[in-house]
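Reviewing the structure listed below.
The values are calculated or read from the model by the stated rules, or taken from the named source; none is laboratory data. Model, not experiment: these values are computed from the prediction. Every residue, glycine among them, receives a Cβ derived from its backbone with ideal geometry; neighbour counts consider all protein chains shown. Keep in mind that these areas ignore ligands, DNA and RNA; they rest on the heavy atoms of the full protein, side chains included. Shrake-Rupley method; radii C 1.70, N 1.55, O 1.52, S 1.80 Å.
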Amino acid sequence: MRTNINVELFKRYAPEKKLEIIDKLNSDDLMKVSTATFERIVKETGKGAWSEKRSRNKRLRIRSSLQKGNNWNSDIEEISLYKGKLYLGVYLQYENTDTSDETMAASFFRRGETRIEVKREDRYGNERTYYAVYDEEDKAEVARSILKEYVYTKYHEKLKED
């Protein structure tokens, strides 16, 4: 029997049991995390975003020990809900510096390879496009990091952190 993380994550299990379930998920199961699950995660554990008090816009920062990326030039730093749409905060390193940008979560988690494009000026003032490419395995690990951050944030008083 396969584990449906969209259901199991919100059951009344001990936080340690939830982390155990998340760790056992394979890439296929992780790629089935629904948009509704990600939205609920951000709504329950995210902080008011962009210095707005009492805002529906929220962001959940992923602690550096849990951040996952493409094992080359980028990591996913956060997931946010802004005006009803989910975004992922991407940290990208390129030839002369690094930057952060956002990408739509729905397009990031689509099946197949995902290419994130960031347009910036190079050190000579010429506009360049920089890329971060994520395969399905990379995206599955990003999903796992978001799920784990949810458990650590929601149950921080009951868990000893890594």
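Brief remarks on what is shown
- For Gln67, the conditions (1) open to solvent by 40 Å² or more (accessible area, probe 1.4 Å); (2) of a type outside the set (Lys, Arg); (3) part of a strand (DSSP E or B); (4) touching an Asp or Glu at 6+ places or on another chain (Cβ under 6 Å) all hold with the exception of (3).
- Annotation note: Cβ proximity below 6 Å between a residue of segment 24-41 that is closer than 14 Å to Asp138 by Cα and a residue that is open to solvent by 70 Å² or more (accessible area, probe 1.4 Å) (sequence gap 6+ or interchain) occurs for Ser27/Glu137.
- Residues located in segment 84-116, provided they are hydrophobic (A, V, I, L, M, F, W, C) and touching a residue at least 40 places away in the same chain (Cβ under 8 Å): Leu86, Leu88, Val90, Leu92, Ala105, Ala106, Phe109, Ile116
- Count of segment 53-64 residues which are in contact (Cβ under 8 Å) with a residue 40 or more places away in the chain and not in a strand (DSSP E or B): 2
- Identity of the residue in segment 5-23, assigned to a helix (DSSP H, G or I) and not aliphatic (A, V, I, L, M), that ends up surrounded by the most Cβ atoms within 10 Å (Cβ to Cβ): Lys18
- The residues of segment 103-117 that are surrounded by fewer than 18 Cβ atoms within 10 Å (Cβ to Cβ) and either among the basic types (Lys, Arg) or assigned to a strand (DSSP E or B) (or both), listed by number, are Met104, Arg110, Arg111, Arg115, Glu117.
- Subset of segment 118-147 (residues that are crowded, with 22+ Cβ neighbours inside 10 Å and either touching a Phe, Trp or Tyr at 6+ places or on another chain (Cβ under 8 Å) or assigned to a loop (DSSP other than H, G, I, E, B) (or both)): Ala132, Tyr134, Lys139, Val142, Ala143, Ile146
- Tally of residues being in contact (Cβ under 8 Å) with a residue 12 or more places away in the chain and more than 30 Å from Asp28 (Cβ to Cβ) across segment 117-127: 3
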